[in-house]
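Asks: Pasting in a structure now, in structure tokens, and then I'll have a few things to ask.
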Amino acid sequence: MEVFVEFLFHRDAPQAFNHHIAAEFSWNKLIAIHVWVLVLFLIYTTAVEVNGLLGAGELFKILFKRRSAALKAGTAPADPRSREARSPAHAELVALL
């Protein structure tokens with residue numbers, strides 16, 4: 001968009017913009033951008049699905065709230081699966097597997 005505005009104000013004709021774009025266009029850059037967007041989309045959809053299977057907010061708790069230092073020190077609950085085994089999300093996940 002910035003290049004188009006530059007062509008409008010600093011050059012004679014907007015048609016020169018079309019020739020500039022045709023000369024400067026890179027298929028490699030376009031494909032790389034599209035692949036990157038696809039990868040980010042797959043990461044996002046995977047995270048949303050895993051969060052849905054684990055239950056509302058569980059993925060956030062696993063990644064950001066539970067401290068690994070507490071687990072290493074042994075101050076964590078003896079069996080963390082006991083609470084998760086009672087949740088409906090866990091039962092659904094086990095049924096799917």
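Asks: Failed condition for PHE64, given (1) among the hydrophobic types (A, V, I, L, M, F, W, C); (2) surrounded by 10 or more Cβ atoms within 10 Å (Cβ to Cβ); (3) under 17 Å from the mean Cα position of the chain (by Cα), with all others met?
Replies: (2)
Asks: While we're here: Taking ASN51 as the residue in question, decide whether it is part of a helix (DSSP H, G or I) and either in contact with an Asp or Glu (Cβ under 7 Å, 6 or more places away or on another chain) or within 30 Å of GLU92 (Cβ to Cβ) (or both).
Replies: Yes.
Asks: Do we have any residue at all in the range 21-41 that's within 30 Å of ALA91 (Cβ to Cβ) and assigned to a helix (DSSP H, G or I)?
Replies: The answer is yes; a qualifying residue exists.
FYI, it's all coordinate maths here, none of it is from the lab. No experiment lies behind these values; they were computed from the predicted model shown. Note: ideal-geometry Cβ built from the backbone for every residue, glycine included; neighbour counts use all protein chains shown.
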